[in-house]
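Everything on this sheet refers to the single structure shown next.
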Amino acid sequence: MLAYIIRRLLLLPFLLLGVTIFVFAIFSLLSPEMRASLYLTDVPKSPDAMQRIIHKYGLDQPIYIQYWQWLNQIIRGDLGWSKTAQRPVFEALLYYLPATVELSLWAMLPVILVGIWLGILSAVHQDKLIDHTMRVFALVGWSLPTFVFGLLMLMYFYAKLQWFPPGQISDWVTREVINGTFIRYTQMYTIDALLNGRLDVFWDSLRHLIMPVITLSYVQWALLLRVTRSSMLETLRQEYVMTARAKGLKESVVINKHAARNAMIPVATMGGLLLIGLLNGVVITETIFNYPGIGRWAADAAIRLDILSVVGFTLFNGVLLVVGNLVVDLLYAFIDPRVRLE
Amino acid sequence: MKAVWRWGALALSLVLVLGVTSGLAQQVKNPDTYIEAVIGDLETLDPAWHYDTASATAIFNIYETLVFYDGEAIDKFVPMLAESWTVSPDGSTYTFKIRKGVKFHQGGDLTPEDVAYSFQRALLQDRSGGPIHMIIEHVLDVASIDELAKKVGDAQACQQVLNAIRVTGPDTVEIKLASPFGPFLQILAGSWTSIIDKEWAIARGDWDGKCDNWRKWWDPKAEDSKLFDVANGTGPYKLVKWDKGKELILERNDAYWGGLAKRPAIIKNYIRKVVPEWGTRLAMFEAGDADSIDVPRPFVAAMEPLVKAGKARMHGPLPGSVMQSAFINFKVKEGSAYMPKLGGADKPDLLLDLNLRRALNYCFDTATYIKESWLGEAKPINGVIIEGRLGYNPEQKGYEFSLAKCEEELKAAWGGKLWSDGMRLVLTFNQGNIARRFAAEMLERNLEEMNKKRAGRPIFSVDVLDLPWPTYLKAMDAGELAVFWVGWLEDYAHPHNWVHPYMFRTGSFAIGQNFDALKDVEFKPVYATFLEAKKYPTLQDLFDDLVVKAKKEPDQKKGGRAEKIYFELNRLAVEYAINIQNIQLQVRRYEQVWVKGWFYNPAYPGTYVYWLSKG
């Protein structure tokens, strides 16, 4: 298994190289003027402004030279400057990532627990009221656009009830961070709050997370519920489950010990991909709730043709995808002993 | 997809505003903090680098200029960091007496050296696409410091800057212009001439004040400026933190020298939060967590129920500083992909014909355009100078919408050839601009309507084409577009900032209009009768001459000689139909009812928190 892991990790640099060449090749289709618009969003008010900007940022050089220069920078550990984030790309990744990871982890918990639990519940009670209710619930979740659901949540629970504000943290916590009375160890406020022993900050952070977490996880619940349900149904029809029942085992033992574990094989694959998907797919949720995560930054960068930010984000995604898939494979082997990774 | 999202958001917000807002308590939230929820973040905190309103808003709350606008006035100035000033009789030398007892936020004393350094640094930095060209144009009579350096060498160029702006006494600084420029104080009131602490800047690694290696600091990238994300001004607020992409936090400068109202600011903290999504900003406003928010025009309807219910205050519609215009190119560049045709053959100078240009104006239904595209919140401007500025002439007549007159002019165009042989014309605008699309499509419909007025096959072919913004700018600058829509946001509240882009040879739009194509132009003054009637080689020469004359005219008062020259320029713009009906946009501001003290000065880039209080 170790050899398998090492082999997969060794493939990573080649994959990333290919991805960056691809991104640069796509950007080479854009004219220097088009890419200069990142630095010039209004009518140029001096005659030579456009040309000066193109020259200053090296946009008039052939794309392979730009790529080579960028590659040299990378080797020196410099991913370039993100115009969108107004900071170096690497710093931007580090700055925005913890917020998204925090959001995704909080979202992952209800996704997996609720999604799997409801899926099993639905399968066990097939064609009964609870099953129909769950299926409608899943259908609604799957059909409801995230931005509509998010906005509804925002308008009701924030604008009217003022329970759960948008953003990441309240202004008074920001003050404490600035004044140094609250230390950010992990850049994830809920964890940092516990490390600082500050339940007030923990609660404040949680209040800001509740709406984005629900918005983000509802769609994923629906998806996981359906996958779990169908997998579980298939497993419940297996002969060994019938044998277990025939042996007179309690229904809870049959479900939890014999059926559920095998039904979890496709669910585990799905769960791993879900986490990757959550990290990537938080754009709308982060935008609606003004949550300063990596998704919002990357989307903004792509819209503004901020090539260095886009490439930086792509690299991050590549690593995430490879490592994520590796974890899923390992999980797969753990759940199903028949699987051997070689 | 984006549009669906936006419209969905609008519909939802309308429903929710109507349904959800009842019963909100009107209590003042965060009484000592002013919070704005805005669409975009700043670009920089370097006064000489910034050229966007978001940065300017931050900078003019932190830094100060020599002079400032007198209340709501845009053409009257009061001393700020200059205690007083004098102008030499020939109008080319300004001497400022620098205020004493003023301290920078980090403790340094304001000195005349700081003032001279701030200007010199700005001129030598002169970043591409930045604001400093406005000062360089008048101080050094070139477009950029690089242009001057290429002419006279680096050392000499720097020396010229140091000679033009210098400390002349223990408390005085002198600025020498290359030639008189009446509205120079307008430029000095802009945040790009904010005064910085020389010692602090040098200590941070900025320009060392010497001429031997100024190029090291010339034209930096935003992030390479040593003052990119730090600030040390003399203003009513000081920087606490700029959390890029998230928020800017300022706090009151309790050691403030007093400013315009001879007191420190009332509001203790100013937080400018970046909230790109409209629905979120609206929710923040409703929850009372934002004292004012950016409200794009398509969403103003969502604010109306709040205003009617007494839960929000609306200022406006107020005359804005933006004009939307369609520009006519007298001779399209050879080889252009947007080449006009006359009778099926390429005709680069199709629009050189005055009748055709007039026809375009008569065929343009301005009232419908304003109603549909701008929700009725715009005003037609006959000429190139907006209302409220010197030189705006309310008596100036324009072209009223009339399909009959349009037909008449088309029949006369090119001696009748256009009516018999037809034409092809491409109307262009930048991708995604719905208002400009509406304008172009409306003109297209009305021109093609003319096909019905004549027997035979349709011969008037008008295409509407949207281009990506950078491609559009490039084609515009190269003179490749026949008719193009753009907007202009003024830099400073003076007509020179209008006639220059619209009519001067190197102006941002005139550069793509090729006025030189119209030869032997007779000028007979109507308003500026003190000017000589004469013939100019080209229309561009006439425009250039009048723009420069108006600029140099020392009498810049209402009813004075400069105003009369601007009247002439407006008249000529209409008579030669260089645009298709300009319109001045109006603006609104929405704030919580507890906000006190706000007033409208169109020259302010954003909220000047010093004037505000809550309660």
| message | Report the Cα centroid-to-centroid distance between segment B:323-381 and segment A:243-312 in angstrom, as an integer. | response | 54 Å
| query | Quick one: length gained pulling B:Ala533 to B:Asn601 fully straight, 0.36 nm per residue minus the C-alpha distance? | reply | 20.6 nm
| said: Can you return the lysines within cross-link range of B:Lys221? Criterion is Cα-Cα under 17 Å, with same-chain partners fewer than 8 residues away left out. | reply: A:Lys56, A:Lys83, B:Lys244
| query | Under a point spin-label approximation (7 Å from Cα along Cα-to-Cβ), what is the A:Leu2-A:Ile65 distance to one decimal in nm? | reply | 4.9 nm
| said: Starting from 0.36 nm per residue, how many nanometres of slack lie between B:Leu318 and B:Thr86 once their C-alpha separation is accounted for? | reply: 80.1 nm
| With each pseudo-label sitting 7 Å past Cα toward Cβ, what's the B:Lys262-B:Lys411 distance in nm, one decimal? | 7.1 nm
| field | Centre separation in Å (Cα based) which lies between segment B:156-214 and segment B:432-472 | value | 49 Å
| query | Exactly which trypsin sites (Lys or Arg not before Pro) in segment B:387-487 are in a DSSP loop and have at most 11 other Cβ atoms within 10 Å? | reply | B:Lys397
| message | Test of understanding: given chain B, find the longest segment containing no GluC sites (Glu not before Pro) that are in a DSSP loop and have at most 10 other Cβ atoms within 10 Å. | response | B:1-333
| Dipole of segment A:87-340, positive end: most advanced residue of A:Asn256, A:Leu225, A:Leu105 [Cβ charges, Cα centre] | A:Asn256
| field | Candidate lysines for bridging to B:Lys97, where Cα separation is under 26 Å - those fewer than 8 sequence places away on the same chain excluded | value | B:Lys76, B:Lys176, B:Lys198, B:Lys210, B:Lys238, B:Lys262, B:Lys551, B:Lys552, B:Lys557
| remark: A correct Karplus calculation of ³J(HN,Hα) over segment B:310-316, with 6.51 cos²θ - 1.76 cosθ + 1.60, θ = phi - 60°, whole Hz and x for Gly and Pro, returns x, 9, 8, 10, 10, 9, x
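Take the Cβ-Cβ distance between B:Leu403 and B:Asp52 as r, set R0 to 35 Å, and report the resulting FRET efficiency rounded to the nearest 0.05.
Values: r = 42 Å, r/R0 = 1.19.
The calculated FRET efficiency here is 0.25.
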| What length, rounded to one decimal in nm, is gained on full extension from A:Ala246 through to A:Phe334, with 0.36 nm per residue of separation minus their alpha-carbon distance? | 28.9 nm
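For segment B:226-295, what class follows from the C-alpha gyration tensor (a ≥ b ≥ c being the square roots of its eigenvalues): rounded when a/c is under 1.5, otherwise prolate if a/b is larger than b/c, else oblate?
Since a/c reaches 1.5 but b/c is at least a/b, the shape of segment B:226-295 is classed as oblate.
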| task | Per DSSP H run of at least 4 residues, take -39500 (n - 2.57); add these up for chain B, divide by its residues and hand me the 222 nm value, nearest 500 deg cm²/dmol. | result | -9000 deg cm²/dmol
| Distance between modelled label sites at A:Ile21 and B:Val152, nm, 7 Å Cα→Cβ extension | 5.3 nm
| Any idea how many Lys pairs in segment B:286-400 come in under 18 angstrom at the alpha carbon, given 8 or more places apart or on separate chains? | 6
| remark: The alpha-carbon center of segment A:167-233 and that of segment B:539-615 are separated, in whole Å, by 49 Å
| remark: Within the set A:Ile130, A:Ile214, A:Ile288, GNM on chain A using Cα springs under 10 Å gives the largest fluctuation to A:Ile130
| Which FRET efficiency value, to the nearest 0.05, is calculated for A:Gln126 and A:Val327 with the Förster distance at 41 angstrom and r the Cβ-Cβ distance? | 0.80
| note | Here the FRET efficiency for A:Asp200 versus B:Trp594, based on Cβ atoms and R0 = 22 Å and rounded to 0.05, is 0.25
| Mind checking which of A:Ser252, A:Ser170, A:Ser82 has the largest fluctuation in a GNM of chain A, springs on alpha carbons under 10 Å? | A:Ser252
| task | Sort B:Glu304, A:Glu251 by accessible area with a 1.4 Å probe, largest first. | result | A:Glu251, B:Glu304
| In degrees between 0 and 90, to the nearest 10, how far off the longest principal axis of chain B does helix B:434-449 point, with axes built from Cα atoms? | 10 degrees
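Using only atoms on other chains, find how many Cβ atoms lie within 10 Å of each Cβ of peptide B:459-468 and report the average.
Values: counts 0, 0, 0, 0, 0, 0, 0, 0, 0, 6.
Across the residues of B:459-468, the mean count of other-chain Cβ atoms within 10 Å is 1.
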| field | Residue-averaged [θ]222 nm for chain A, counting only DSSP H segments that reach four residues, each worth -39500 (n - 2.57) | value | -23000 deg cm²/dmol
| task | Using only Cα atoms, tell me the angle between helix A:307-335 and the longest principal axis of chain A; keep it within 0 to 90° and round to the nearest 10. | result | 20 degrees
| request: Indicate the gyration tensor shape class of the protein assembly as shown (rounded, prolate or oblate), computed on the Cα atoms with a ≥ b ≥ c the square roots of the eigenvalues: a/c under 1.5 is rounded; otherwise a/b larger than b/c is prolate and the rest oblate. | output: prolate
| remark: Restricting to Cα pairs under 8 Å and 6 or more apart, the percent relative contact order of chain A works out to 28 percent
| request: First check a/c for chain B, with a ≥ b ≥ c the square roots of the eigenvalues of its C-alpha gyration tensor; if it is under 1.5, answer rounded, and if not, answer prolate when a/b is larger than b/c or oblate otherwise. | output: oblate
| Going by alpha carbons, how many degrees (0 to 90, nearest 10) lie between the helix axis of A:199-236 and the longest principal axis of chain A? | 50 degrees
| Longest site-free stretch - chain A; sites: chymotrypsin sites (Phe, Trp or Tyr not before Pro), DSSP loop, at most 15 other Cβ within 10 Å | A:1-162
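The values are calculated or read from the model by the stated rules, or taken from the named source; none is laboratory data. This one's a predicted model, so the numbers in the text were calculated from it and none came from an experiment. Cβ atoms come from the backbone with ideal geometry, glycine included; neighbour counts cover every protein chain shown. Keep in mind that these areas ignore ligands, DNA and RNA; they rest on the heavy atoms of the full protein, side chains included. Shrake-Rupley method; radii C 1.70, N 1.55, O 1.52, S 1.80 Å.
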